[in-house]
Amino acid sequence: MSNRVTHKHSRVDFSKPLSFTFDGKIYQGFAGDTLASALLANGVKTIARSFKYGRPRGIVGAWAEEPNALVQIDVGARTTPDLKATQVELYDGLVAARTSGWPSLAFDLKSVGGKFSRFMPAGFYYKTFKWPSKFWPLYEDIIRRAAGYGKSPIEPDTETYDHKHHHVELLVVGGGACGLLAALLAGRSGLSVLLVDDQSELGGYLLSMPNMTIGGLDAATWSAKIIAELRSLPNVTLLERTTAFALHDMNMIQAVELMQDHLLHQARKSEQRRERLHRIRAAKVVLATGAFERPLVFGNNDLPGIITASALATYFSRYGVVCGNNIVVLTSNDLAYQSAVDLAEAGIKVTIVDVRESINLAWAARFKALGIMTYMGYGISEAIGSSEVKGVQLVKLNAKANVVIESGPLIACDVLASSGGLSPTVHLFCHDGGRPQWDESKLAFVVSANARANAGIYCVGAITGVFSLCEGLEKTFATMFELLKSLGKKIDDSELSLETDEITASPARAIYRIPTTAKAFVDFQNDVAVTDIELAVRENYRSIEHIKRYTALGFGTDQGKLSNVNGFAIAAEMLGKTIPEVGTTTYRPAYTPVSFGALAGAHVGDTFEPRRYTAMQASHTQFQAEFETVGQWMRPWYFPKAGEDMHAAVNRECLAARNGVAILDASTLGKIDIRGKDVREFLNRIYANAWSQLAPGKCRYGLMLNEAGMVMDDGVTACISDTHFLMTTTTGGAAGVMSWLEKWHQTEWPELEVYMTSVTDNWTTAALVGPKSREVLAKLCSDIDLDKEAFKFMDWRDGTVAGVPARVFRISFSGELAYEINVDASYGHYVWEELMKAGAEFDITPYGTETMHVLRAEKGFIIVGQETDGSVTPFDLDMAWAVGMKKPYSFIGKRSLARSDTARTDRKQLVGLLTEDPNFVLKEGAQLINSENTTPPVPMLGHVTSSYYSAFLGRSIAMGFVIDGIKRRSEEGNNIVYAWADGKAVKAKIVSSVFVDAEGARHNV
Amino acid sequence: MSKLTFSPVMQSPLHHFNLNANQQPIDTSKGVWANEITLLGYISLRGNAQNVLFTKAAKKALGVALPILPCSLISASWGYIYWLSPDEWLIVCARELHAELQQKLEAALVGNHNQVIDNSGGFTTVFLQGKNASDVLHHCTVYDLNALTTGKVVGTTFGKTSVFLHQHGNGYNLIFRRSFADYIWRYLERSALPYGFGIANLGSS
């Protein structure tokens, strides 16, 4: 490992060597390495091929800003695409692969096209593959194959994820020097503090500048002391490897913690999460998110071996990796100097090329002492090399204008580091509407420390444009003083010294690109060159948001962390505007990519969605029920016996209900207990029909309308006493109806004395259906007179069933003799089993929702949500009988029924439909039209709402809406429609929707 | 009609998990311990808290005054009264006591507009304790448990559904609807996995 140096500040553990695989080749690294640092240490320079031109690319950054080093980590179910090698912690046995470069990294097919890159400008795909338009799907397929990085896992994820909610008085985002100081001051004041930091180790950029001293201590000792104190405070929580990726209104911050991916496979615990999504609600937020260094833009600036100066410093100081032996540092500011000095001290040859005319004397002296050659007033027009950087072409720049005066020397090098200044990490600040301001003195979009203090958001450190450590710490102190004072807390600065040994920085030069004729890239990940921005401006794109979308500047997994500000500045130059006039694009969550697993958390598998079960579930499972979800309830759909398909099962279940006895679990229906002296009046207003005369012991069906007069729910309501009614609602509508009742009572009719409470879960309901149901019930019930005269249709009775207190309703959704037996749900399973036992001699048949639907359709009973869709009045349903227009007080929806549109007689109306072919079952949703000629335009008369095969009738039946259908039903010659679906128009006759027992003889027995 | 004889059997909402078969005495081996407190009596009560006649009559029947402060609960010798909304309470007691309590309440409240309902089949209670009980709940609910002081009960989120939640001893009680029980228990189990999840022997709590 020729690129390793050992020094006392390195954070890698040279006593713990690790081996890993990249692209099929085995390499050595050390504990504490990232994949990127280990690859650089092994001299691996090319790790990717570029998106559009297939150019070789190397590692540029050291953290989340990295645009090139997207790698595929791990294999099989654990494989993860497009992680940045700079953020992947090394463990023994790690398997990584490139995500670009086909057929290989050494030769990429796209690079052949890349040679003609001047023929592939921004908008190339839009412009080229436009014609003929029908070929686009083909073009798209080919383009999509060529584009993209990495591969999604195809095996199910074997890992688990979860969410955790936090409520803290203060959240600090960022564990660099200023973030640590902020957390310490807040922690000492007694606030509950959470600090999140995205790296494996706290310290931020201090880890890259270990020779700096703070308060007389070296940076590592200073931060270790603070971290130790923070860990000792019970009111402070530190979360490492945790990236705050979104800041929402009211200071809700989302952060994702990587919990296991840094561990050796064998060390990962199956009971532990792979990632955890933290949802943090913080009264105050301190953003100490720092800054990323942006590179300068020049010709061939994308060659492997060209990195940012801060990355150079980080790899050297933190990981003991020298990226080369002959390094050129190109800079527009003083920030890059320290790394040059550090490397020179380690014996590496360093040359500085500074675009500024003069140099700070203190630095000049140090450079001289170390033999660092400096070129002042020079830039680099282009890097030389084909697969990696071999040298640089210097150019002398005009002292003021950004123009080349003359060519300079050609210098050989194996690494070129550049610094164009720092771009504060303002992303979180901007997520909920904050905007950064351009600061010309800092050459950066910055945010102010307390501009959003009213919202509880404070900013400290480099995010505010303060790039000197000492000044950053002092201003952090001042900001925390203000914050803590606003909370009535005192600041405790004991044993804190914030002085550093920094050399005062000279002003940076405002320069973003160095003039060149060679290809100069702004955004590496999307292959956006200076010429692309030029082209966008030439083609009259004016807004930076449009230039971004035309060129793809700032897209991708790095979201332009390195490239955006350069792009804005270059666009400004070309538009003849200032940078603040051009402004920034919009910063939106997520700051860095977040896995679907983390977002889903526990909402997967059997906890994906609440599954509501009735007390009879065990019986249903035992009888092999297939289930369907209704309003989160798991309802038996049908009960297939061995060898039966759904149709066979449903036919059998239907015939059992019509000819013998069958049983349905009706527990899921909403049940609302309503009491008070005004309960009848309340129901008169809530329902379309009248409730004043319903006697205790009786039930009635009711239609509930919304204000527009449209049917919203239905159900049977029983009069328990003059002041006590029990309402049933549809399964899916229960919660909505409950809120509806409360809303009308609380806001419109508070004078009515009624209270209502949901008893849905308290009762289980077994519907015993069929001609033999009375005989079955009689075996279990001795205290209710089941005689047809004593216990009539639409009556209810209290009694006991199988020894359990029960309320039995003689109501029917099938048209058969039926009893709905309600018991305390604790006894639900027991009573169901007793009913099954009692019914065994009659071959009692459990049935599900599908049979329930067929039985009710045979009777023409509607299902709210199937026959209704929010645009259907009771009259449209031919249910005028369920509307009490003469009630003294109005009811909800009454006035709307008088609107000209609802009152007209030629609306779409519900009718029955019979096909000519009794075996043809119409398609639900089929359009109903007047003729079999389907040549457009075809007037659409309505549609099929319900359609089944009726085993009892031995033919198909259907219901549907037809314009003026009620009249047409009885008009011979005008009663034929065609149902159009699947390219066929099938003839059907409009008939009554009651197909079975119109006179009600079957249930009145 | 002949007299029939039956032996009715009750099942709690979490019956199918067969929790008691797997229960153990609480120790430090798990971060979280939980179990269902099965088949309690639940009475829903509604009435006007501003009406002194109502509150007095309720107090007479229950032996303790109804909690009137938002989100408060009162512990009585026979169980708990939870404030659910300004005119709504949930009364929880042993199943054998609830009929008597309900009758007393109904009798005392005659003439005062009210609603007294036996909702015993509709609810269940799970208790949760152990050193990571709060951690587990923080995975399940957005509620700030630091704000859940003794004597406070809140209706809050739990995964994609809701529970009533209060501190109980050195742990928590979760009260929720029967039909959501399966989901809530599975969610709790999943959330507790990293901490170690034990089914607590009720006698040891």
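Quick notes on this structure:
- Global size of the range A:454-548 as Cα Rg and Dmax, reported in angstrom: 21.6, 61
- Fraction in percent of alpha-carbon pairs per bin - 5 Å, the range A:763-803: 5, 20, 32, 34, 8, 0
- Restricting the trypsin sites (Lys or Arg not before Pro) of the range A:660-734 to loop positions (DSSP other than H, G, I, E, B) with no more than 13 neighbouring Cβ atoms within 10 Å leaves A:K677.
- Counting every alpha-carbon pair across the range B:96-140, the share separated by more than 16 Å comes to 60%.
- Neighbouring Cβ atoms from other chains, within 10 Å of the Cβ of residues in A:276-285, number 1 on average.
- Under 5 Å, built H, 5+ apart or other chain: amide partners of A:F22: A:Y27, A:A96
- The C-alpha atoms of chain A define a longest principal axis, and helix A:469-486 lies at about 40 degrees to it.
- Placing a label point 7 Å from the Cα of A:K987 along the Cα-to-Cβ direction, the residues of the range A:947-969 whose backbone N falls under 17 Å from that point are A:956.
- In this rough spin-label picture, where each label sits 7 Å from Cα along the Cβ direction, the A:D843-A:T6 distance is 8.8 nm.
- Calculated mean residue ellipticity at 222 nm for chain B: -7000 deg cm²/dmol, from DSSP H runs with n ≥ 4 weighted as -39500 (n - 2.57), summed, divided by the residue count and rounded to 500.
- Each Cα pair under 8 Å and six or more residues apart adds its sequence gap; the mean of these over the residue count of chain B is a relative contact order of 30 percent.
- FRET efficiency for the pair A:S721 and A:Q693, taken as 1/(1 + (r/R0)^6) with r the Cβ-Cβ distance and R0 = 22 Å, rounds to 0.90.
- Estimated at 0.36 nm per residue, the fully extended path between A:E357 and A:L752 surpasses their Cα-Cα distance by 133.6 nm.
- Prolate/oblate/rounded call for chain B, Cα gyration tensor, a/c under 1.5 rounded: oblate
- Normalising the average separation of contacting C-alpha pairs (under 8 angstrom, six or more residues apart) by the number of residues puts the relative contact order of chain A at 9 percent.
- Assigned charges on the beta-carbon of Lys, Arg, Asp, Glu; the range B:70-153 dipole about Cα centre (debye): 220 debye
- Per residue, chain A reaches -6000 deg cm²/dmol at 222 nm when only DSSP H runs of four or more residues are counted, each adding -39500 (n - 2.57).
- Pairwise FRET efficiency - A:S270 versus A:M940, Cβ, R0 = 60 Å, nearest 0.05: 0.60
- Based on Cα contacts under 8 Å between residues 6+ apart, the range A:671-720 shows a relative contact order of 29 percent.
- Dipole magnitude for the range A:1-126: about 520 debye, using +1 per Lys or Arg Cβ and -1 per Asp or Glu Cβ, origin at the Cα centre.
- Judged by the ratio a/c of the largest to the smallest principal axis of the C-alpha gyration tensor, the range A:875-1005 counts as oblate, that ratio being 1.5 or greater while a/b is no larger than b/c.
- Counted residue by residue at 0.36 nm each, then reduced by the alpha carbon distance between them, the extension gain from A:D157 to A:A364 reaches 68.9 nm.
- Hypothetical label at A:E502: residues of the range A:441-467 whose amide nitrogen lies under 14 Å (7 Å Cα-Cβ projection): A:442, A:460-467
- Computed on the range A:222-267, the Cα convex hull volume stands at 130 Å³ per residue.
- Stokes-Einstein D for the range A:598-728, Kirkwood Rh over Cα pairs, 10 °C, 1.306 mPa s (µm²/s): 88 µm²/s
- Subset of A:K641/A:K792; A:K8/A:K225; A:K164/A:K475; B:K131/B:K160; A:K52/A:K442; A:K390/A:K519 violating a 27 Å alpha-carbon distance limit: A:K641/A:K792; A:K164/A:K475; A:K52/A:K442
- Computed extension length for A:E707-A:L410: 98.7 nm, one decimal, from 0.36 nm per residue of separation with the Cα-Cα distance subtracted.
- With a simple spin-label model that places each label point 7 Å from the Cα along the Cα-to-Cβ direction, the separation between A:D141 and B:I68 comes to 7.6 nm.
- Both radii were evaluated on the Cα set of the protein assembly as shown; the Rg over Rh quotient, with Rh as the Kirkwood radius, amounts to 1.06.
- Treating each Cα of the range A:860-949 as an identical point scatterer and summing with the Debye formula, the log10 of I(q)/I(0) at q = 0.13, 0.22, 0.26 Å⁻¹ comes to -0.56, -1.22, -1.46.
- Around A:Q624: net Lys/Arg minus Asp/Glu count, Cβ-Cβ under 11 Å: -1
- Cβ neighbours within 10 Å from other chains - mean over A:788-795: 0
- For the protein assembly as shown, size of Cβ-based charge dipole, Lys and Arg +1, Asp and Glu -1, in debye: 1260 debye
- Between the listed residues A:F875, A:L599, A:I26, the Cα displaced farthest toward the positive end of the dipole of chain A, a dipole computed from Cβ unit charges relative to the Cα centre, is found at A:I26.
- In plain terms, if you count all Cα to Cα distances in the range B:1-78 and split them into 5 Å steps from zero, the share in each step is 3, 9, 14, 13, 10, 11, 13, 13, 9, 4, 1, 0 percent.
- Note on B:N146 and A:A106: their simple-model spin labels are 5.9 nm apart, each label 7 Å out from Cα toward Cβ.
Laboratory data are not the source of any read-out in this text; all were calculated from the coordinates shown. All figures in this text were calculated on a predicted structure; none of them were measured in a lab. Cβ sites come from the backbone with ideal geometry, for glycine too, and all protein chains shown count toward neighbours.
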